[in-house]
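Step one of this worksheet: look at the structure below.
The values are calculated or read from the model by the stated rules, or taken from the named source; none is laboratory data. Remember, predicted model here, so these are calculated numbers, not experimental data. Here Cβ is always computed from backbone atoms with ideal geometry, including for glycine, and neighbour counts include all displayed protein chains.
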């Protein structure tokens, strides 16, 4: 029984590849305070943004949220330890 190989082709359009220049501009914007948060929100919510940059922005926002929650939790725990003295 010989079977013919099946080639599965994804019919979705491919996103354009982000060039090195695009990534350098993205990283420069990420080191500027306040601008980085604004740009992450813009990139994460834009419907026309490159999917690579959009996913990176979503991942960074999720990590920021986790970091803020952990920071507040640790702060509350330390404050609770000192207020119990």
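Return the only residue of 4, 11, 49 being without any contact (Cβ under 8 Å) to a residue 60 or more places away in the chain, within 17 Å of the chain's Cα centre (by Cα), in a loop (DSSP other than H, G, I, E, B) and at negative phi. Give the steps one after another, and end with the answer.
Numbers: 4 fails: within 17 Å of the chain's Cα centre (by Cα); 11 fails: within 17 Å of the chain's Cα centre (by Cα).
49 is the lone residue from the list that is without any contact (Cβ under 8 Å) to a residue 60 or more places away in the chain, within 17 Å of the chain's Cα centre (by Cα), in a loop (DSSP other than H, G, I, E, B) and at negative phi.
Does region 66-76 contain any residue that is assigned to a helix (DSSP H, G or I), surrounded by 12 or more Cβ atoms within 10 Å (Cβ to Cβ) and either touching a strand residue (DSSP E or B) at 6+ places or on another chain (Cβ under 8 Å) or at pLDDT 95 or above (or both)? Write out each step before concluding.
Residues of region 66-76 that are assigned to a helix (DSSP H, G or I), as a first pass: 66-76.
Pick out the ones that are also surrounded by 12 or more Cβ atoms within 10 Å (Cβ to Cβ) and you get none.
For region 66-76, residues assigned to a helix (DSSP H, G or I), surrounded by 12 or more Cβ atoms within 10 Å (Cβ to Cβ) and either touching a strand residue (DSSP E or B) at 6+ places or on another chain (Cβ under 8 Å) or at pLDDT 95 or above (or both): absent.
Looking at 56, 18, 81, 27, which is the one that is part of a helix (DSSP H, G or I), touching a helix residue (DSSP H, G or I) at 6+ places or on another chain (Cβ under 9 Å) and without any contact (Cβ under 8 Å) to a residue 40 or more places away in the chain? Step through it out loud before you land on a result.
Details: 18 fails: part of a helix (DSSP H, G or I); 81 fails: touching a helix residue (DSSP H, G or I) at 6+ places or on another chain (Cβ under 9 Å); 27 fails: touching a helix residue (DSSP H, G or I) at 6+ places or on another chain (Cβ under 9 Å).
Only one candidate qualifies: 56.
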